[in-house]
Amino acid sequence: MVDLKTQYQRIQSDIDREIQEVLQSTMFIGGPKVNTFREKMEAYLGVKHVIPCANGTDALQIAMMALGLQPGDEVIVPAFTYVATAEVIGLLGLVPVMTDVDQETFNITPAQVEAAITPRTKAIVPVHLFGQSADMEPILAIAEKYGLFVIEDNAQAIGADYTFSGGHSVKTGAMGHFGCTSFFPSKNLGCYGDGGALMTNDDDLAAAARMIANHGQSRQYYHDKIGVNSRLDAIQAAILNVKLPHLDTYNASRRGAAMYYDNVFANIPDLKIPGRQHNSTHVFHQYTLRMSGGSERRDDLKTYLQELGIPAMIYYPVPLYGQEAFAHYWPGGTLPVTEDLCHSVFSLPMHSELNEEILKVITDGVCGFFK
Ligand SMILES: Cc1ncc(COP(=O)(O)O)c(C=O)c1O
């Protein structure tokens, strides 16, 4: 699904030099590489504060802790997402309230969010799924109307731009009270281990998040809050310092591959190419098609491709409320779009190193199934 090796080989001398510098400095935790990354990331995203941490799941947890969410508070999340988004909600004793998503963009919708609000609702977590922004302007307006916090789960959309009706564009992750992201190796901006970060424009929230990520420590050996130990290590920061300047090129390359796929698959009646959010750019963390004919046929296609040596993945086969760990939060029934997506979606290889030769093999393979 990804080709991290070719990408590494293209920047190998820079990566190896940066890692060597960390090894020679023996500053493995914190230090100049992490500070440089933080500053570069703040400039890239146009956000006041970036707080690096150990992974994207921690970033979500730290955000919810820094906002002071209390056990029993309800947090609205899409039912069609990766588990991490809801996992930390459960871990903190909060209540995930799962909502349906848009059939075309796979993202949470303002109408679904508003319908899910109760007197116990405290926060909304829009997930910018597969690489494009949820429709943030109306979501932010709803949050303001009801006095709710917004935590953007930007693990899959780093580098995407959302354009407000006034015409100004903001990077995803820089619009909510917090944005959270992951630098897992296969992410659009990935390191070579685990990594993550929070973003915020609020000085007090930034200070709270920084403190929580460091054992709730206000100064050395003085602990004002219960915190966690969540740090981005210096080797990962050094790698990210090399890769960040390439992020826009990587994302453009992904967009080019998506256009190639679109052109071929638009002619296959049983396939629906991914819809685009009109006011967001798309950075294609995943290229996800919908297929008609039910999940068995979709799974047959996956097996057919596998036999040709072409990977395909189902992101995601089960709604959050269908997962055993989350069933007790669910009042019953199903969400129609989420159900339909879990039975119809499949994702094809998507990364920065796809060329026409590889794309032709993949698309020929998919077309072969429909002949
Ligand atoms: C939407 C979403 N949220 C959160 C995460 C969690 O990130 P991490 O794996 O770095 O903890 C991921 C990563 O897989 C993700 O895709």
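We did not get these values from a lab; they are worked out from the coordinates using the rules stated. The structure displayed is predicted, hence computed values, not measured ones. Cβ coordinates were reconstructed from backbone atoms using ideal geometry, including for glycine residues, and neighbour counts include every protein chain displayed.
Rounded to the nearest 0.05, the FRET efficiency derived from the C-beta distance between Ile268 and Asp14 at R0 = 56 Å is 0.85.
Less than 13 Å Cβ to Cβ from Leu189, Lys/Arg counted +1 and Asp/Glu -1: what total charge do the surrounding residues give?
That works out to +4.
Only lysines eight or more places from Lys145 in sequence, or on another chain, were considered; those with a Cα closer than 28 Å are Lys48, Lys122, Lys171. Ordering Arg17, Arg276, Arg298, Arg38 by the number of other Cβ atoms within 10 Å of each residue's own Cβ, fewest first, gives Arg17, Arg276, Arg38, Arg298. Taking every C-alpha pair closer than 8 Å and separated by at least 6 residues, the mean separation divided by the residue count of the chain gives a relative contact order of 21 percent. Annotation: the residues Asp233, Asp58, sorted from fewest to most other C-beta atoms within 10 Å of their own C-beta, follow the order Asp233, Asp58.
Taking 0.36 nm per residue of separation and subtracting the current Cα-Cα distance, fully stretching the chain between Arg297 and Glu39 would add 88.1 nm.
Local charge for Gly309 was computed over the other residues whose Cβ lies under 15 Å away, with Lys and Arg +1 and Asp and Glu -1, and equals -2. In the stretch 273-371, the convex hull through the Cα atoms has an average projected area of 8.5 nm², a quarter of its surface area.
Take the Cβ atoms of Lys48 and Ser25, set R0 to 41 Å, and the FRET efficiency comes out at 0.90.
Taking every alpha-carbon pair under 8 Å whose residues sit at least 6 apart, the stretch 220-371 reaches a relative contact order of 30 percent. Taken over the stretch 201-331, the convex hull of the Cα atoms encloses 253 Å³ per residue.
Taking every DSSP beta bridge that has both ends in the chain, the antiparallel portion is near 65%. Note on the chain: GNM, Cα springs under 10 Å; of Asp14, Asp224, Asp100, the largest mean-square fluctuation is that of Asp224.
Compare His246, His343, His128 in a GNM of the chain, Cα atoms joined below 10 Å, and give the one with the largest fluctuation. In this elastic network of the chain, the residue with the biggest mean-square fluctuation among His246, His343, His128 is His246. Residues Cys191, Cys342, Cys180, arranged from fewest to most other Cβ atoms within 10 angstrom of their Cβ, appear as Cys342, Cys191, Cys180.
Counting each DSSP H run of 4 or more residues in the chain as -39500 (n - 2.57), what helix-only mean residue ellipticity at 222 nm follows after dividing by all residues, to the nearest 500 deg cm²/dmol?
Estimated from H runs of four or more residues: -12000 deg cm²/dmol.
Mean-square fluctuations from a GNM of the chain, with a 10 angstrom spring cutoff on Cα atoms, peak among Asp340, Asp161, Asp203 at Asp203.
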